[in-house]
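Okay, structure first, notes after.
The values are calculated or read from the model by the stated rules, or taken from the named source; none is laboratory data. Fair warning: this is a prediction, and the values are worked out from it, not measured in the lab. Here Cβ is always computed from backbone atoms with ideal geometry, including for glycine, and neighbour counts include all displayed protein chains.
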Amino acid sequence: MPKLRLLIADDQPLMRAGFRAVLESTGEMEVVAEAADGLEAIAAARETRPDVVLMDVRMPNLDGIEAIKRMPGRRVLVLTTFGLDEYIVEALRAGASGFITKDVPADELIRAVRVVAAGDALLTPAVTRQLLDQVARRLPAPIATGPEALRELTEREREVLELLARGMSNAEIAGALFVGEATVKTHVSNVLTKLGLRDRVQAVVLAYEIGLIRPGAA
């Protein structure tokens, strides 16, 4: 099986070296490029086409959020110093697949990269909601209005989106709607496709932005 190709973007050389050592020690990952700022990260991503980009938010010349916006389609795992970095929501909106703090244990870092490489969002809906509840007042301007954004959804798909945004798993949604998990997965896939979203994390962010879910809602 080919190794996962990684790009590490962080302005601290020792941090990049540490991540490289941990990830390459698995024998299943290879760091194909490093970058010290956002501009270098964009250039390196174009040249090496990594499977996963580990991106620091705060970097000189061009920050991580802007860099993410300029590499659409890339699977990006955001690195942050603080658990509730004020830029995290913006990074998720820009296209990141999740985030981890820089002081995570080695096994959690490895797991995070595997999850993102597999095409999944790192954050569970419940964790995403906890994050957004605490920073919702700092959300950027809405990217769509409620009715317009949801116009393409069926009534059942809208229900699924709301339950997803409340932090429910597929199994919990299936129980609430009295349907099978396979049906829920189909509805979630339809919601993401119709709204032009990459994963569940972006769906939760959108639900907050258009007012479908309010901070602290039960």
Do the conditions hold for ARG166, that is, is it touching a His at 6+ places or on another chain (Cβ under 8 Å) and either modelled with pLDDT of 80 or more or surrounded by 15 or more Cβ atoms within 10 Å (Cβ to Cβ) (or both)? no
Out of ALA9, ALA17, ALA67, I need the residue that is more than 21 Å from the chain's Cα centre (by Cα) and either modelled with pLDDT under 95 or over 19 Å from VAL205 (Cα atoms) (or both). Which one? ALA17
Leading residue by the ranking (surrounded by the fewest Cβ atoms within 10 Å (Cβ to Cβ)) among those in the range 154-163 that are over 13 Å from ARG200 (Cβ atoms) and touching a helix residue (DSSP H, G or I) at 6+ places or on another chain (Cβ under 6 Å): ARG158
I'd like to verify a number: residues in the range 160-217 that are in contact (Cβ under 8 Å) with a residue 24 or more places away in the chain and of a type in the set (A, V, I, L, M), how many? 19
Of the residues in the range 190-218 that are farther than 19 Å from PRO72 by Cα and of a type outside the set (A, V, I, L, M), the one that is modelled with the highest pLDDT is ASN190
Pick from ASP85, ASP51: which is in contact with a strand residue (DSSP E or B) (Cβ under 9 Å, 6 or more places away or on another chain), among the acidic types (Asp, Glu) and modelled with pLDDT under 90? ASP85
For the structure I just gave you, tell me whether LEU54 is under 17 Å from GLU108 (Cβ atoms), in contact with a Leu (Cβ under 9 Å, 6 or more places away or on another chain) and touching a residue at least 12 places away in the same chain (Cβ under 8 Å). yes
Taking the conditions exactly as written (surrounded by fewer than 23 Cβ atoms within 10 Å (Cβ to Cβ), among the aliphatic types (A, V, I, L, M) and not assigned by TED's automatic domain parsing to the domain that holds VAL201), does ILE100 satisfy them or not? yes
Given the conditions (1) touching a residue at least 60 places away in the same chain (Cβ under 8 Å); (2) under 25 Å from LEU206 (Cβ atoms); (3) surrounded by 21 or more Cβ atoms within 10 Å (Cβ to Cβ), which single one is not true for ARG93? (3)
Could you tell me how many of the residues in the range 169-209 are small (Gly, Ala, Ser) and either buried (at least 22 other Cβ atoms within 10 Å of the Cβ) or under 17 Å from GLU152 (Cα atoms) (or both)? 4
